[in-house]
1. Restricting attention to region 59-66, does a residue exist that is surrounded by 10 or more Cβ atoms within 10 Å (Cβ to Cβ), modelled with pLDDT under 70, over 29 Å from Gln2 (Cα atoms) and of a type in the set (S, T, N, Q)?
2. If a residue must be closer than 23 Å to Tyr172 by Cβ and either in a loop (DSSP other than H, G, I, E, B) or in contact with a Ser or Thr (Cβ under 8 Å, 6 or more places away or on another chain) (or both), how many such residues does region 89-136 contain?
3. Taking region 124-141 on its own, how many of its residues are surrounded by 13 or more Cβ atoms within 10 Å (Cβ to Cβ) and closer than 14 Å to Arg212 by Cβ?
4. Checking Gly184 against (1) modelled with pLDDT under 85; (2) within 25 Å of Cys12 (Cα to Cα); (3) under 21 Å from the mean Cα position of the chain (by Cα), which test does it fail?
5. Read through the list (1) part of a helix (DSSP H, G or I); (2) modelled with pLDDT under 85, then give the number of the only condition that Ala207 fails.
6. Which of the residues spanning region 195-226 are more than 19 Å from Leu153 (Cβ to Cβ), surrounded by fewer than 16 Cβ atoms within 10 Å (Cβ to Cβ) and touching a residue at least 12 places away in the same chain (Cβ under 8 Å)?
7. Give the residue, chosen from Pro19, Pro35, that is within 21 Å of Phe200 (Cβ to Cβ), loosely packed, with under 14 Cβ neighbours inside 10 Å and modelled with pLDDT of 80 or more.
Amino acid sequence: MQEIFREAITMCLDKENRPDKIMSGRLCEFMAGHPKFGDAAVEMQYAFLPKKKGKVDIDTLGDIHDWKLTERDDLLEIMHQDGEGVSLMPYYLIEYLDEMLFFQFTEILKNGQYVKRCKLCGRYFVLADKRRRDFRDRPYQDKRICKQVGVKLFFEKGIEADVFLQHYLTEYNKVYSRRYRAAGKYAGEHSGRDLTREQFKIWSAAASQARRDYVEGNISGEEMLARVRVD
């Protein structure tokens, strides 16, 4: 299931992957390859909450928890007695990891957001607005975040870093296209250039490691690309 969501993110939300396609077109292509994905759902339920001045009455809500009230009639009585009545709040009931992944994926789609690979660690992060961002705001090493490490590292490397990483992205998209072409075929229909999911998974892990080695200065850009290229 996680592999399917990883493919959904790469195909539908990565703006640098297949830039010729808009988000709705990407989603249609993904759904064509995974028709059962459309049957997924997250259960929604509703909760009674005390209301005051048009908002949730936190004080009354605290009293309910402190007094451990569970009977519906008791809850409704205190809500009407101390506040302005009842607010009906919808919430999602998420119990399993695949439900959480589905919920997050659909929320990003609904908000029209994209994701981008961090230039330092290669992991995805959500583009919350239209400002240009190249690095995640997440821990990388030595208690510093990717943005702190990446800006300094890339400044020292200069334009050369962008050139090699652009080539890396081109190679990644080429290999991913080979994986995507194979997704709708039976095993006997695969050509010599098609990649199975397992083959792509192995290649992707090795390519990501080569990228990290290059960014951290352990190998040259030429060596990184040599390790990434597939015949």
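1. Yes, region 59-66 contains at least one residue that is surrounded by 10 or more Cβ atoms within 10 Å (Cβ to Cβ), modelled with pLDDT under 70, over 29 Å from Gln2 (Cα atoms) and of a type in the set (S, T, N, Q).
2. Matching residues across region 89-136 total 12.
3. Looking only at that region, the number is 3.
4. That leaves (3) as the condition not met.
5. (2)
6. Selection gives Thr196, Arg197, Lys201, Ala206.
7. It is Pro35.
Listed here are the residues, each with its yes/no results for (1) among the hydrophobic types (A, V, I, L, M, F, W, C); (2) more than 30 Å from Cys12 (Cβ to Cβ); (3) at pLDDT 65 or above; (4) not in a helix (DSSP H, G or I).
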residue: Met44; (1), (2), (3), (4): yes, no, yes, yes
residue: Pro50; (1), (2), (3), (4): no, yes, yes, yes
residue: His80; (1), (2), (3), (4): no, yes, no, no
residue: Glu84; (1), (2), (3), (4): no, yes, no, yes
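The values are calculated or read from the model by the stated rules, or taken from the named source; none is laboratory data. None of these values were measured; they are calculated from a predicted model. Every residue, glycine among them, receives a Cβ derived from its backbone with ideal geometry; neighbour counts consider all protein chains shown.
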